[in-house]
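All remarks here apply to the structure that follows.
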Amino acid sequence: MIDFSLALLNKIDTIVKQWVEAVRQDEQIETAKELTYKAIRDSVPIVLQAISKMLSPSEDNDIKTIVEKGLEHGTLRAKQGYEAEEIAREYRLLRWIIFANIEPDLIKGSSKEVIRAVRLIDTALDEVIARGFKTYTQERLRELEDLQSQLKLTNQELTRLVHASKENLSHLAHELKTPLTSIIGYSDLFIRQQKQNSEIKDSLPNLGHIERVLSSGRQLLHLINDALEISRYEEGKMKLQPVSTDVQALINNVVDIVKPLAVEKELQLEIDLDDAPKQALTDPLRLQQIVTNLLSNAIRYTEFGNIKLVSQSLSDEDWLIAVIDTGVGINEIDLENIFDPYFRVVGDNQSFIPNSTGLGLAIVSRLVQLLQGKIEVSSQVGVGSIFRVILPLKVKVLEEKCNLKI
Ligand code: ADP
């Protein structure tokens, strides 16, 4: 009887390398593109060793390892953010690559031996897949439960703040309460259904529901967090945490993050940091929020042309960041309100902007104030806008650590 276990054992390294490469190249497994070799490989070599053990006529089955590794793989993929379809696809590639590699050995066996080997490999892989999907679904459900409790807490927080009769927050609550309530209700119902019906648990369409709930929940939390950020500032609770900051590296970092948005819209993104200061004593987290918001607004409100970011030292005391776009522009009347919370320009050409909250610039102007700077805007409809932020090279560290109020 031919022992195929050795043939598989000798090819594990090749199979793993080819598989990781195939997963990376696959257009439909986008999540893997951001992962390292090791993170994609996971415990697949150990699974292959266990399968090879199963193929050996002399050795016992190592189904325990296969089950264990399958379970671990599913949890890992959920944490890495894989979609269910992406996992299915990578398993399909693994099956294909295993058989492509051992085919030259298989054809040397009798048909009985080949059928036995193929069946064993298929069974082992099916087991890994089933276990993997089980823990993947469980992990997603856990995430959903976490999200639900976060949303419940946020809802309570909102109710508390609205009772404290904050004008902005009652507006916010009005905008948020309805979708928030329906998300909480829906996820609650869904989790209960999942718990009662174990058959539903493993099916792909239901994973799609989870994805949708999670993504609207995340979006909503983002909006709520923005609003709470403003209220924290207004209550004087936002503290400045100054450190010596490499501003050029910080700006470049933000540019790397927003660049894909510009590329998607075929906009040129030009960055001029030649005369920018090297260091500034400032709060890097807040500075990063300011640059991110201004750059992403410039990209969102520009359909053609280019976005430019210029940074310069102005004197021994001040420096400048200017974000210039060739976008839709803002008219004179709206310019007066542009930094008010929830203010959005109403116009035909703006209806295409998704996720507009009217909070971005309100946060930016408050953060600029926290960093002891000032912000100016000039704009012309149909031509473009320039946002200029002037900041001190060294923030003054007050005794109370800049517990500013507007
Ligand atoms: P959001 O973009 O989420 O609506 P913002 O507070 O960031 O909220 O902006 C408020 C409004 O200002 C936007 O709705 C938009 O009409 C206008 N705006 C902001 N940035 C630009 C820009 N670079 N070009 C044109 N309009 C802008």
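Which residues, counting only those in segment 254-282, are assigned to a helix (DSSP H, G or I) and free of Cβ contacts under 8 Å to residues at least 40 places away in the same chain? Steps first, please.
Looking only at segment 254-282, we keep the residues that are assigned to a helix (DSSP H, G or I), and these are 254-264.
The answer is Asp256, Ile257, Lys259, Pro260, Leu261, Val263, Glu264.
In the list Asp62, Asp105, which residue meets the criterion of being out of contact with any Asp or Glu (no Cβ under 8 Å at 6 or more places or on another chain), surrounded by 16 or more Cβ atoms within 10 Å (Cβ to Cβ) and free of Cβ contacts under 8 Å to residues at least 24 places away in the same chain?
Values: Asp105 fails: free of Cβ contacts under 8 Å to residues at least 24 places away in the same chain.
Unique residue meeting the criteria: Asp62.
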Hey, Tyr82 within 26 Å of the chain's Cα centre (by Cα), closer than 19 Å to Arg24 by Cβ and of a type in the set (Ser, Thr, Tyr) or not: yes
Answer from Leu285, Leu294 - the residue that is of a type outside the set (Phe, Trp, Tyr), assigned to a helix (DSSP H, G or I), open to solvent by 20 Å² or more (accessible area, probe 1.4 Å) and out of contact with any helix residue (DSSP H, G or I) (no Cβ under 6 Å at 6 or more places or on another chain): Leu285
Pair list, Cβ under 7 Å, 6 or more apart: segment 4-26 residue of a type in the set (Gly, Ala, Ser), other residue open to solvent by 30 Å² or more (accessible area, probe 1.4 Å): Ser5/Lys53; Ala7/Asp105; Ala22/Leu93
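Please state which one of Lys17, Lys33, Lys38, Lys53 is among the basic types (Lys, Arg) and modelled with pLDDT of 95 or more.
On the way: Lys33 fails: modelled with pLDDT of 95 or more; Lys38 fails: modelled with pLDDT of 95 or more; Lys53 fails: modelled with pLDDT of 95 or more.
Of the residues listed, the single one that is among the basic types (Lys, Arg) and modelled with pLDDT of 95 or more is Lys17.
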Residue within segment 364-374 that is near the ligand (Cβ under 8 Å from one of its atoms) and either modelled with pLDDT under 95 or open to solvent by less than 30 Å² (accessible area, probe 1.4 Å) (or both) present: yes
Checklist (1) over 29 Å from Ile107 (Cα atoms); (2) open to solvent by 50 Å² or more (accessible area, probe 1.4 Å) applied to Asp13, failing item: (1)
Filter result for Ile251 (in a helix (DSSP H, G or I), open to solvent by 70 Å² or more (accessible area, probe 1.4 Å), modelled with pLDDT of 80 or more and farther than 17 Å from Thr357 by Cα): no
Segment 76-92, residues that are open to solvent by less than 40 Å² (accessible area, probe 1.4 Å) and within 13 Å of Phe133 (Cα to Cα): Arg77, Ala78, Tyr82, Ala84, Glu86, Ile87, Ala88, Glu90, Tyr91
Hits in segment 267-314 (condition: away from the ligand (no atom under 16 Å from the Cβ) and acidic (Asp, Glu)): Asp272, Asp274, Asp275, Asp283
Any hit, segment 233-248, residues being over 20 Å from Glu376 (Cβ atoms), in a helix (DSSP H, G or I) and under 20 Å from the mean Cα position of the chain (by Cα): no
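Can you pull out every residue in segment 16-33 that is open to solvent by less than 70 Å² (accessible area, probe 1.4 Å) and part of a helix (DSSP H, G or I)? Please lay out each step first, then the result.
Quick first cut of segment 16-33, residues open to solvent by less than 70 Å² (accessible area, probe 1.4 Å) only: 16, 19-20, 22-23, 26, 29, 31-32.
Scanning segment 16-33 gives Val16, Trp19, Val20, Ala22, Val23, Thr31, Ala32.
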Count of residues meeting criterion [buried (at least 16 other Cβ atoms within 10 Å of the Cβ) and part of a helix (DSSP H, G or I)] in segment 108-128: 10
Test: residue in segment 328-348 that is under 27 Å from the mean Cα position of the chain (by Cα), more than 12 Å from the ligand (Cβ to nearest atom) and not in a helix (DSSP H, G or I): no
Residues (farther than 21 Å from Arg24 by Cα and either of a type in the set (S, T, N, Q) or touching a Leu at 6+ places or on another chain (Cβ under 6 Å) (or both)) located in segment 61-79: Asn61, Thr65
Residue check for Val263: open to solvent by 80 Å² or more (accessible area, probe 1.4 Å), aliphatic (A, V, I, L, M) and more than 20 Å from Ser365 (Cβ to Cβ): yes
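Working only within segment 375-392, note down all residues that are hydrophobic (A, V, I, L, M, F, W, C) and either farther than 23 Å from Gly305 by Cα or within 11 Å of the ligand (Cβ to nearest atom) (or both). Step through it out loud before you land on a result.
Quick first cut of segment 375-392, residues hydrophobic (A, V, I, L, M, F, W, C) only: 375, 377, 381, 383, 386-387, 389-391.
If the condition is that a residue be hydrophobic (A, V, I, L, M, F, W, C) and either farther than 23 Å from Gly305 by Cα or within 11 Å of the ligand (Cβ to nearest atom) (or both), then Ile375, Val377, Val381, Val383, Ile386, Phe387, Ile390, Leu391 are the ones that fit.
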Yes/no for Asp325 being surrounded by 21 or more Cβ atoms within 10 Å (Cβ to Cβ) and either within 12 Å of the ligand (Cβ to nearest atom) or without any contact (Cβ under 8 Å) to a residue 24 or more places away in the chain (or both): yes
Residue among Glu264, Glu317 that is away from the ligand (no atom under 16 Å from the Cβ) and more than 25 Å from Leu391 (Cα to Cα): Glu264
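The values are calculated or read from the model by the stated rules, or taken from the named source; none is laboratory data. Predicted, not measured: the structure shown is a model, and the values here were computed from it. Cβ coordinates were reconstructed from backbone atoms using ideal geometry, including for glycine residues, and neighbour counts include every protein chain displayed. Just the protein is used for accessible areas: all its heavy atoms, side chains included, with ligands, DNA and RNA removed. Shrake-Rupley method; radii C 1.70, N 1.55, O 1.52, S 1.80 Å.
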